[in-house]
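Here's the structure, in structure tokens; my notes come after.
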Amino acid sequence: MSEIIKNILSDTSLKTEDFSYELPEELIAQVPAEKRDCSRLMVMDRKTGELSHRHFYDVVDYFSEGDVLVLNRSRVIPARLFGKRADTGADIEILLLKKLENDCWETLVRPGKKCKASTKIIFGDGELCAEITEVTEEGNRILHFTSKNGTVSDAIHKIGQMPLPPYITSRASEKERYQTVYSKEEGSAAAPTAGLHFTPELLQRLEAKGVKIVTVLLHVGLGTFRPVKEREIKNHVMHAEWFSISKEAAETINNRKGRLICVGTTSCRVLESVADENGKLKACEGETAIFIYPGYRFKAVEGLITNFHLPESTLIMLVSAFSDREKVLSAYKTAVNEKYRFFSFGDAMLLK
């Protein structure tokens, strides 16, 4: 296993509650915009805090020839499985977090308290079965899967459901609307949602303007959406997630003539994990548990496209580090007043 990449945590007096804000429940987007790029776009000058209100299809106006746009090509798997314990028949919900070797997965199990090693779980009519082989220190379960017919992957795709966040109560959205149009490699337990706003036509417009588009890979797992339970944010430990950046992508970024702009906090974390002190990148793969919050010095990233994130989350902490906590929270207050749509299916923000 590759070495897990972490940052040296900065000294900070900020507490988790310093990243809280009031959000009316009706502003939590339950379904995506009718057309991906018709979402609203708040543009923020991260140095001054000045705001502009546009639509996402206007994002091209903020790019120049020679800029590099970085996308996360990870694809969401139908990671939510509903089954029953083989011994008691009790209902069990499984969230697949990370694929391991030999048809094993690291998972979240609910309810998990009584699910100890050797517990067997049956899914569907028995076409997919699993046995808990290990309980990790963090309380996750390692499951070994077997399938009656075909591969375990085929059975998961047949039985599994898209792992929409719990704050999305509607299940009406098509599966592909929780995927980016450029997703390629399966492995995520949640979508890199900043990329949901892009269409093939919008990407073509950017390329026609002379913007270089590269992809990196980070499989979104527990590290991205695990709540911060520590009051002292520096005590929060990120769950490691698998990433990869190719030699071609690194060279394109290193040789760019313009700015480096990331789509989403996941792409941002990949680049900041592998950049040296001069902002140069190299081809690399492994796991990253980098935690970015105010006080962190960005080495490579110069622009960020992101969604509006949950209060007190590691995501709003990263955005605050890229700009300024007070400016970001002020922008969020404006977004609430202007009735922007929040979270995974919500509107977007460009920090430039």
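The values are calculated or read from the model by the stated rules, or taken from the named source; none is laboratory data. None of these values were measured; they are calculated from a predicted model. FYI the Cβ positions are ideal-geometry reconstructions off the backbone, even for glycines, and counts take in every protein chain you see.
Couple of notes before you dig in:
- In the stretch 306-334, the residues that are under 16 Å from Val263 (Cα atoms) reach residues that are of a type in the set (Phe, Trp, Tyr) and in a helix (DSSP H, G or I) with C-beta atoms within less than 6 angstrom, at least six apart or across chains, in these pairs: Ile316/Phe19.
- If the condition is being small (Gly, Ala, Ser) and either at pLDDT 95 or above or touching an Asp or Glu at 6+ places or on another chain (Cβ under 7 Å) (or both), then the stretch 98-115 contributes no residue at all.
- Flag if Glu26 is over 22 Å from the mean Cα position of the chain (by Cα), among the charged types (D, E, K, R), modelled with pLDDT of 95 or more and not in a loop (DSSP other than H, G, I, E, B): yes
- Top-ranked residue of the stretch 116-166 - restricted to ones that are polar (S, T, N, Q) and buried (at least 16 other Cβ atoms within 10 Å of the Cβ), ranked as farthest from His239 (Cα to Cα): Ser147
- Every residue from the stretch 167-208 that is among the aromatic types (Phe, Trp, Tyr), within 15 Å of Arg80 (Cβ to Cβ) and not in a helix (DSSP H, G or I): Tyr167
- Sole residue being of a type in the set (Val, Ile, Thr) and surrounded by fewer than 16 Cβ atoms within 10 Å (Cβ to Cβ), chosen from Thr169, Thr266: Thr169
- When the stretch 128-166 is filtered for residues that are out of contact with any Pro (no Cβ under 9 Å at 6 or more places or on another chain), closer than 19 Å to Cys104 by Cβ and assigned to a loop (DSSP other than H, G, I, E, B), the ones remaining, listed by number, are Thr136, Glu137, Glu138, Gly139, Asn140, Lys148, Gly150, Thr151.
- Qualifying residue in the stretch 31-38 (condition: within 19 Å of the chain's Cα centre (by Cα), over 30 Å from Lys257 (Cα atoms), surrounded by fewer than 18 Cβ atoms within 10 Å (Cβ to Cβ) and in the same structural domain as His236 (by TED's automatic domain parsing)): yes
Residue by residue, here is whether (1) over 20 Å from Val220 (Cβ atoms); (2) in contact with a helix residue (DSSP H, G or I) (Cβ under 9 Å, 6 or more places away or on another chain); (3) in a loop (DSSP other than H, G, I, E, B) holds:
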site: Leu281; (1), (2), (3): yes, yes, yes
site: Gly295; (1), (2), (3): yes, yes, yes
site: Glu312; (1), (2), (3): no, yes, yes
site: Leu315; (1), (2), (3): no, yes, no
site: Val319; (1), (2), (3): no, yes, no
site: Lys339; (1), (2), (3): yes, yes, yes
site: Gly346; (1), (2), (3): no, yes, yes
site: Met349; (1), (2), (3): no, yes, no
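- Of all the residues in the stretch 242-268, those that are without any contact (Cβ under 8 Å) to a residue 60 or more places away in the chain and either among the hydroxyl-bearing types (Ser, Thr, Tyr) or outside any helix (DSSP H, G or I) (or both) number 5.
- Filtered by the rule that a residue be among the charged types (D, E, K, R) and modelled with pLDDT of 95 or more, the stretch 1-23 gives Lys15, Glu17, Asp18, Glu22.
- Glu207, sole failed condition from (1) within 26 Å of Asp61 (Cβ to Cβ); (2) of a type outside the set (A, V, I, L, M); (3) touching a residue at least 12 places away in the same chain (Cβ under 8 Å): (3)
Yes/no matrix, rows are residues, columns are (1) more than 17 Å from Leu51 (Cβ to Cβ); (2) buried (at least 21 other Cβ atoms within 10 Å of the Cβ):
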position	(1), (2)
Gly295	yes, no
Phe298	yes, no
Val301	yes, yes
Ser313	yes, no
Lys327	no, no
Asn337	no, no
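- Scanning the stretch 145-164 finds no residues that are outside the structural domain of Ile121 (by TED's automatic domain parsing) and more than 30 Å from Lys120 (Cβ to Cβ).
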